[in-house]
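The values are calculated or read from the model by the stated rules, or taken from the named source; none is laboratory data. Remember, it's a predicted structure, so these values are computed and weren't measured experimentally. FYI the Cβ positions are ideal-geometry reconstructions off the backbone, even for glycines, and counts take in every protein chain you see. Note: areas computed on protein heavy atoms with side chains; ligands, DNA, RNA excluded. Shrake-Rupley method; radii C 1.70, N 1.55, O 1.52, S 1.80 Å.
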Amino acid sequence: MRLRLSTWNVNSVRLRVEQVARFVDEQAPDVLCMQEIKCQEGEFPRAAFEAVGLPHIRIAGQKGWHGVAIASRLPIEDVAPLQVCREGHARCVGAKVAGVEIQNFYIPAGGDIPDREVNPKFDHKLDFFEKLTAEMAGRDPKAPLAIVGDLNVAPGEFDVWSHKQMSKIVSHTPIELEAFARLKSSLDFLDLPRAAIPEPEKLFSWWSYRAADFRKSNRGLRLDHILVTPGLRDAAFRSGAASARVHDDVREWERPSDHAPVSADFGI
């Protein structure tokens, strides 16, 4: 069977429930991982997800901020929660679907100053990566695992609109790129969107609201990711090549999130 896994920072699930329904109708994800749902579990619009065929839901929510959720067409099994956020924010939720463990993250943005000594938010971001990397390093790379979500790092030169100008800006600083690289190396993770759309092609998933025309300015960043272990490689390349994409057309919709969804297909 085809398993389509999508990730999307929706920037308020209640505000954008109609856009979510449209995306599900048009792209038919089997599993939709969301970040910044910005609601508590009891406030999550479950009925709307049931109506579009995603009745199996796991939520980590909190009042007004952060929050992550997984909605699935297929039954969900629980997995042990990961204790990687020192502040106790709702930034991680996990589940197992069709034998695949999925860990969905909203990693801290890190504030404005890329110095962990003077900026507690940046220190929190790096600490999150360090804890997650240590957790992954103890796992079996042959086990099918996907790390998805808004990881708030644009890891490559062609994942930012200007490598030179962004190299001193949080999300693309050398220390963040090193943290991301260490996470990838911990289980030899494969970056599926980049496997499908190799460098040097530019690839973005976020564009600032400040741009009147995001297409024209195209000052984007690739902050949203689907990383998979070697245990999922065969499933990801079942058709002979990776099938993954950024749905940048969604960023054109009315009242959009500043992030576009990202999807990958697996033969399970």
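Details
- Among Ala241, Ala28, Ala146, the largest mean-square fluctuation in a Gaussian network model of the chain (Cα springs under 10 Å) belongs to Ala241.
- Residue among Asp25, Asp191, Asp123 with the largest mean-square fluctuation in a Gaussian network model of the chain, springs linking Cα atoms under 10 Å: Asp25
- Pairwise centroid distance, computed over Cα atoms, of the stretch 52-124 with the stretch 205-268, Å: 18
- Estimated FRET transfer efficiency when R0 is 25 angstrom, pair Arg86-His247 (beta carbons, to 0.05): 0.15
- Label-to-label distance, nm, for residues given as Arg4 and Ser208 (7 Å Cα→Cβ offset): 3.3
- To put it simply, the accessible area of the stretch 2-267 at a 1.4 Å probe is 49 percent carbon and sulfur.
- Spacing of the modelled spin labels on Arg238 and His163, each 7 Å from Cα toward Cβ, amounts to 3.5 nm.
- Percentage relative contact order, the chain, counting C-alpha pairs under 8 Å, at least six apart: 19
- Residues Val118, Val10, Val79 ordered from highest to lowest accessible area at a 1.4 Å probe: Val118, Val79, Val10.
- Taking GluC sites (Glu not before Pro) as exposed when DSSP calls them loop and at most 10 other C-beta atoms lie within 10 angstrom, the chain has its longest site-free stretch at 1-116.
- Chain lengthening between Arg116 and Arg182 when straightened (0.36 nm per residue, less Cα-Cα): 22.0 nm
- Accessible surface of Leu190 - all protein chains present, 1.4 Å probe, nearest 10 Å²: 40
- Vicinal HN-Hα couplings computed from phi for the stretch 66-83 (Karplus, 6.51 cos²θ - 1.76 cosθ + 1.60; Hz; Gly/Pro x): 6, x, 9, 8, 10, 10, 9, 6, 9, x, 10, 9, 6, 10, 5, x, 9, 9
- Relative to the current alpha-carbon distance between Ser12 and Gln40, full extension at 0.36 nm per residue lengthens the span by 9.0 nm.
- Simple rule: put +1 on each Lys or Arg Cβ and -1 on each Asp or Glu Cβ in the chain, find the dipole, and look at Ile113, Pro75, Phe158; the Cα lying farthest toward the positive end is Phe158.
- Phi-based couplings in Hz for the stretch 13-28 (Karplus 6.51, -1.76, 1.60; Gly and Pro marked x): 5, 6, 5, 10, 5, 5, 5, 4, 4, 5, 4, 4, 5, 7, 10, 6
- Trp65/Ala134 FRET efficiency (R0 22 Å; Cβ-Cβ; nearest 0.05): 0.30
- Amide H partners (placed H, <5 Å) of Asn9, local residues excluded: Gln35
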